[in-house]
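The values are calculated or read from the model by the stated rules, or taken from the named source; none is laboratory data. In this text, all values refer to a predicted model and were calculated from it rather than measured experimentally. All Cβ positions, even for glycine, are placed from backbone atoms using ideal geometry, and neighbour counts span all protein chains on display.
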Amino acid sequence: MKDVKCECGHVNPHGTVLCEACGKELINQTNSEQLIDMRYEGSARRSQTYNKTIIDKIWNFFSSVKVGVWLIIITLIASSLGTILPQEMYINLPADVYYEQEYGWFGKLYYQLGFNNLYGSWWYLILIAMIGISLVICSLDRVVPLYKALKAQRVTRHEGFLKRQRVFGVNEIASESDFATIKKHLQKRRYHIREENGDILAEKGRFARWGPYVNHVGLIIFLFGGMLRFIPGMYVNEDLWVREGETAVVPETDGQFYLQNNKFILEHYDKNKDKTFEKAIEKAGEVVKNYQSNVVLYKRVGQNLPGEKPTLKKIKDYKVRVNLPLQYEGYSVFQSSFRNELSKMSFALTNQQTNKSAGELTIDLTDPKMKYDLGKGYSVEILNYFPDFEFADNGEPTTKSRVPNNPAFVFRMVSPEKPKGETSFVAIKQTIEPFGDNQYKMSFKGIETKNVSGFIVRKDSTLWAIILGGIIFMIGVIQGAYWNHRRIWIQNKNGQVWIAAHTNKNWYGLKREIEGVLAETNLAMPIDQAQIEEMDKGGV
Amino acid sequence: MKKRRLVIRSIILLLLGSAVVYTLYANFTKDTKQKVAVGAQAPDFALVDMQGNKHQLSDYKGQGVFLNFWGTWCPPCKKEMPYINNQYHQYKDKGVQVLTVDIQESELAVNQFAERLKLDFPIMIDTDKEVMNTYGIDPLPATFLIDKNGKVVEYYTGELTEEKVREFMEKIKP
């Protein structure tokens, strides 16, 4: 494949439609009566011309705007499919159960098709990736030839090029003073004027042509930012539950940081205090005013093995409230949730006949003692402790988890009357005496609860890329939308003065500008040939 | 000219392709990735057992270590514990140490459990789940086999049979 030499002397790359320098049509695509297709300046989009190796074939596939548009449409449809039913991360049952149970056969199908985790699925990621590749290749394939063509353009253009511009007019004669006036007017309108052999090319706003490509660069940086999230350590989003009074390691910090939760605070709006909201509160019932955890952040000093008690250095006190996270070294700790946990249970050792108490004991449910001595020969032993009690399939009492959701105990109650002790099984709202009638019982006195604060630990080192991408994206949009690339050619041909003009958009604005430029001269306003064509067709 | 074009296109496609491949790879390994891989050095830790003795993994260099994570509330743990205890007696003089780590339970629960099942191998409580997080344990029970050089030989989750326990012990016997 050879380069094409135009009659004006300029050498164009193979596949060029309009000579980069003079605009002569090199490949006849349309009949010579029609207007020229000015897209990409008639430059050679390489993809359209070379198709030899597999690399070229892949390249050409992605460089097609048609392919790009289809990729976007398919991704749009796929994205909307994911919104029909809740995604897996928002459900609290196993996915294989949940979908069928909640939505019947449709849910089952939805799950079988893998739509339960659509946005993390390989094919969805590949779709997004293909859009990214298409963006890069489409842009490269167009911006390079376009840049070259605009750079190579000469002032003097081929007759065919001028004649077949949308805005075109012929004047028989023009005086020197007319040219001077026109130049003055053009300068006033900030046109960049080039002259050659008495021909004029006035151009402005060329940089508007780069708008879409700047925009694409922004998008690619944006996608790159999204990709960064997959690099370990760049993006952290973890739950952290800390009981009041306890200290926990902050996840994903390599054991660097510890968070102590001193107190969780839940405040409601008070009808009597907040008079403004009285009616609203009456209508809505309880309205939460504040979720807050008073925490202390510690940093580990020196090294310690997992399991060993670390030496901690206090960094700061902070009141973590909704939208007011604790921030340190790129990490943010957000208040996100709370729950209430049983922490202590109190019982009284009571004589069943006299109903007299021989003493009380309080059991710490996360760390119960083996034996509670009540004095005077009374004591209680815990033979068995089930923090989350249930009966197993074989009828034995067991525990479902380590969390004290439903504590149950097997007690041995020792009293002066029964020095060998009596056995009693005590769970919430039930007492079983396995060996017949006991003299003593454990009567329930009360419970204490403890708040557990739920935090989200977040670190996002990809935000800069997302923000930068967004800014560049907007710059591109503005660049392409608010500026027009306008060119006006005023040239001497066959002893006449030809005027032609081109803009990438806003033809009305261009025509008004030409009117201004030609004012106070004898030159006639060129005609909008596209409008004439329309009228011919429409018969208006 | 043509050659240069091919080279440039190949480089661009290669760059884009590798970015895509990396993203896909990272996405699919992020959930399944084992924090402590087989063949890697087992992370050192130190915990105190129910009798108050400190056990540090690196102290057992030269011996095989059968490291088991469990909870009293987990039924398969309950089943496999006696098997582990039996094999512990068979192999403790042959250079295999058993270390078991309970996840964040009360001393009472662990002591009573050990007493009921007559367990006498070292039991430690991971109060802050630090060792659990270091080893990236999710479902219990989980067993790590560590050889005499401190390398992880095998990682196994789920209930063990006595036969399996013996097989494991045999595997890490120095």
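State all residues of the stretch A:269-302 that are within 15 Å of A:VAL322 (Cβ to Cβ) and touching a helix residue (DSSP H, G or I) at 6+ places or on another chain (Cβ under 9 Å); if no residue qualifies, say none.
Listed by number, the residues that qualify are A:TYR269, A:VAL287.
Yes/no matrix, rows are residues, columns are (1) crowded, with 18+ Cβ neighbours inside 10 Å; (2) within 30 Å of A:PRO310 (Cα to Cα); (3) not basic (Lys, Arg); (4) not assigned by TED's automatic domain parsing to the domain that holds B:ILE137:
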{"site": "B:LEU24", "(1), (2), (3), (4)": "no, no, yes, yes"}
{"site": "B:THR29", "(1), (2), (3), (4)": "no, no, yes, yes"}
{"site": "B:VAL38", "(1), (2), (3), (4)": "no, yes, yes, yes"}
{"site": "B:ASN53", "(1), (2), (3), (4)": "no, yes, yes, no"}
{"site": "B:ASN68", "(1), (2), (3), (4)": "yes, yes, yes, no"}
{"site": "B:THR72", "(1), (2), (3), (4)": "yes, yes, yes, no"}
{"site": "B:PRO82", "(1), (2), (3), (4)": "no, no, yes, no"}
{"site": "B:LYS92", "(1), (2), (3), (4)": "no, no, no, no"}
{"site": "B:VAL101", "(1), (2), (3), (4)": "yes, yes, yes, no"}
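Scan the stretch A:226-263 for residues that are free of Cβ contacts under 8 Å to residues at least 40 places away in the same chain and either closer than 29 Å to A:GLY470 by Cα or outside any strand (DSSP E or B) (or both) and jot them down.
Across the stretch A:226-263, the qualifying residues are A:MET227, A:PHE230, A:ILE231, A:PRO232, A:GLU246, A:ASP254.
For A:THR423, work out the one condition from (1) within 14 Å of chain B (Cβ to nearest Cβ); (2) under 19 Å from A:ILE363 (Cβ atoms) it doesn't fulfil.
So the condition that A:THR423 fails would be (1).
Go through the stretch B:1-39 and give me each residue that's modelled with pLDDT of 90 or more, more than 9 Å from chain A (Cβ to nearest Cβ) and over 42 Å from the mean Cα position of the chain (by Cα).
Correct list: B:ILE11 only.
Which one of these does A:SER134 not meet: (1) among the hydroxyl-bearing types (Ser, Thr, Tyr); (2) surrounded by fewer than 20 Cβ atoms within 10 Å (Cβ to Cβ); (3) in contact (Cβ under 8 Å) with a residue 60 or more places away in the chain?
(2)
Is one or more of the residues making up the stretch A:478-485 surrounded by fewer than 19 Cβ atoms within 10 Å (Cβ to Cβ) and within 18 Å of the chain's Cα centre (by Cα)?
So far as the stretch A:478-485 goes, no, none of its residues is surrounded by fewer than 19 Cβ atoms within 10 Å (Cβ to Cβ) and within 18 Å of the chain's Cα centre (by Cα).
Taking helices (runs of 4 or more DSSP H) that do not extend beyond the stretch B:55-174, which have at least 3 residues that are touching a residue at least 40 places away in the same chain (Cβ under 8 Å), within 10 Å of chain A (Cβ to nearest Cβ) and within 27 Å of A:TYR258 (Cα to Cα)?
So the answer is B:130-135.
Do any strands (runs of 3 or more DSSP E) entirely within the stretch A:297-383 hold 1 or more residues that are touching a residue at least 60 places away in the same chain (Cβ under 8 Å) and within 40 Å of the chain's Cα centre (by Cα), and if so, which?
A:311-321, A:326-328, A:331-351
Those residues that are among the β-branched types (Val, Ile, Thr) and farther than 24 Å from A:ASN451 by Cα, I need them from the stretch A:262-317; list them, please.
Residues satisfying the conditions are A:THR276, A:ILE281, A:VAL301, A:THR311.
Would you say A:GLY15 is on the phi > 0 side of the Ramachandran plot, within 14 Å of chain B (Cβ to nearest Cβ) and not in a helix (DSSP H, G or I)?
Numbers: on the phi > 0 side of the Ramachandran plot: yes; within 14 Å of chain B (Cβ to nearest Cβ): yes; not in a helix (DSSP H, G or I): yes.
In short, yes.
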